[in-house]
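Below you'll find the structure, written out as structure tokens, and then a few comments.
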Amino acid sequence: QLQASGGGLVQAGDSLRLSCAVSGGTFSSYSVGWFRQAPGKEREFVSAISRSGGSTDFADSVKGRFIVSRDNAKNTVYLQMNALKPEDTAVYYCAAELQDRFYVWALDYVWGYWGQGTQVTVSS
């Protein structure tokens, strides 16, 4: 199971940290990704981190502003979101899979496990 949390209402330029707690199975066996979906738009890839934490990827729209990390001792992946913009407003989801398929991380259908979303709203 995946549990995303940490969303909220912030102003443009603020920071927010999302958490994705993973339970069941061996946490270090999962790569974890973040996706988001804004109203009226398709779900899009945001970021992902490999099982070891040694590899990460980001969508161009968040590169340089977002940081993804994992704490295997706490079975949790974090998405640190800095310099937030109104266009970052969306429901954010975390997902997991049992492989490090870096080349297809941006494809939502390759992720086998999904958590419920957490709402992030950035006001201008």
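The values are calculated or read from the model by the stated rules, or taken from the named source; none is laboratory data. Everything quoted here is computed from the prediction, not taken from an experiment. No Cβ is skipped: glycine too gets one built from the backbone with ideal geometry, and neighbour counts run over all protein chains shown. Quick note on the areas: whole protein, heavy atoms, side chains included, nothing else; ligands and nucleic acids left out. Shrake-Rupley method; radii C 1.70, N 1.55, O 1.52, S 1.80 Å.
Against the condition open to solvent by less than 60 Å² (accessible area, probe 1.4 Å) and over 23 Å from Glu42 (Cα atoms), how does Asp108 come out, does it pass? Talk me through it step by step, then tell me what you get.
Working: open to solvent by less than 60 Å² (accessible area, probe 1.4 Å): yes; over 23 Å from Glu42 (Cα atoms): no.
The answer is no for Asp108.
Applying the criterion of being crowded, with 22+ Cβ neighbours inside 10 Å and within 21 Å of Gly7 (Cα to Cα) to the residues of segment 91-105, the residue that is farthest from the chain's Cα centre (by Cα) is Ala96. Among the residues of this structure, Ser52 counts as one that is open to solvent by 30 Å² or more (accessible area, probe 1.4 Å), hydroxyl-bearing (Ser, Thr, Tyr), over 21 Å from Asp108 (Cβ atoms) and in a loop (DSSP other than H, G, I, E, B). Before we move on, is Val32 part of a strand (DSSP E or B) and closer than 15 Å to Ser5 by Cβ? So Val32 fits the description; yes. For segment 13-42, the candidate set comprises residues that are in contact with a Lys or Arg (Cβ under 7 Å, 6 or more places away or on another chain) and either acidic (Asp, Glu) or open to solvent by 50 Å² or more (accessible area, probe 1.4 Å) (or both); within that set, the residue that is modelled with the lowest pLDDT is Ser28.
Within segment 67-89, how many residues turn out to be crowded, with 22+ Cβ neighbours inside 10 Å and either of a type in the set (Lys, Arg) or farther than 15 Å from Leu2 by Cβ (or both)? Step through it out loud before you land on a result.
Pass one, segment 67-89, residues crowded, with 22+ Cβ neighbours inside 10 Å: 68, 70, 77, 79, 81, 84, 88.
Next, from what is left, pick out any that are either of a type in the set (Lys, Arg) or farther than 15 Å from Leu2 by Cβ (or both): 70, 81, 84, 88.
Selection size over segment 67-89: 4.
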